[in-house]
Amino acid sequence: QVRLEESGGGLVQPGGSLRLSCANSGTIMNFDAMGWYRQAPGKQRELAATVTRDGTTNYADSVKGRFTISRDNAKNTVHLQMNSLKPEDTAVYLCYAEGFFNYWGQGTQVTVSS
């Protein structure tokens with residue numbers, strides 16, 4: 001059983017930084033990809049960043065140069081370092097893992113506001 005648990009969200013001022021973490025507290029799996037999606041109020045869920053098992057990364061254009069994704073395959077953890085945060089980054093950030101099935105965490109709120 002896979003259980004993805006996120007941490008690290010919160011309230012930050014524009015220009016600030018946050019680091020999100022996600023860990024699988026269930027059975028360790030050999031995920032093809034792990035990453036983060038986000039969903040702002042009234043908007044569709046969108047990709048923020050993903051990383052494959054071999055380390056290939058993919059970022060939304062809106063976060064390139066500001067966000068950095070990393071993962072530890074053995075520990076089934078994935079992290080998202082978010083710098084130079086903007087109000088439009090405000091959203092619920094959901095951890096994602098792709099294997100035989102697609103798995104989702106419950107989400108962590110990130111609010112960027114002065």
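Note on Lys43: accessible area is roughly 140 Å² with a 1.4 Å probe, heavy atoms of protein only. For the chain, the dipole from Cβ point charges (+1 on Lys and Arg, -1 on Asp and Glu) about the Cα centre works out to 140 debye, to the nearest 20.
What percent antiparallel are the DSSP beta bridges of the chain, to the nearest 5? Counting only bridges with both partners in the chain, antiparallel ones make up about 95 percent.
As a length-normalised measure over Cα pairs under 8 Å and 6 or more apart, the relative contact order of the chain settles at 37 percent.
Taking all protein chains together and a 1.4 Å probe, the residues Arg3, Arg53 rank Arg3, Arg53 from largest to smallest accessible area.
Using only alpha carbon pairs under 8 Å that are at least six residues apart, calculate the relative contact order of segment 29-91 and give it in whole percent. Before the final figure, lay out each step's value.
Working: 90 pairs, mean separation 18.1, N = 63.
Relative CO of segment 29-91 lands at 29 percent.
When only alpha carbons of segment 42-87 are considered, Rg and Dmax amount to 11.7, 36 Å. Counting charges near Asp89 (Lys, Arg +1; Asp, Glu -1) among other residues having Cβ under 11 Å from its Cβ returns a value of +2.
Mean silhouette area of the chain, derived from the convex hull of its C-alpha atoms and averaged over all directions, reads 6.5 nm².
The values are calculated or read from the model by the stated rules, or taken from the named source; none is laboratory data. If you're wondering where the values come from, they're calculated on a predicted model, not measured in any experiment. Every residue, glycine as well, gets a Cβ built from its backbone with ideal geometry; the counts of neighbours run over all protein chains shown. Note: accessible area is taken over every heavy atom of the protein model, side chains too, but ligands, DNA and RNA are not part of it. Shrake-Rupley method; radii C 1.70, N 1.55, O 1.52, S 1.80 Å.
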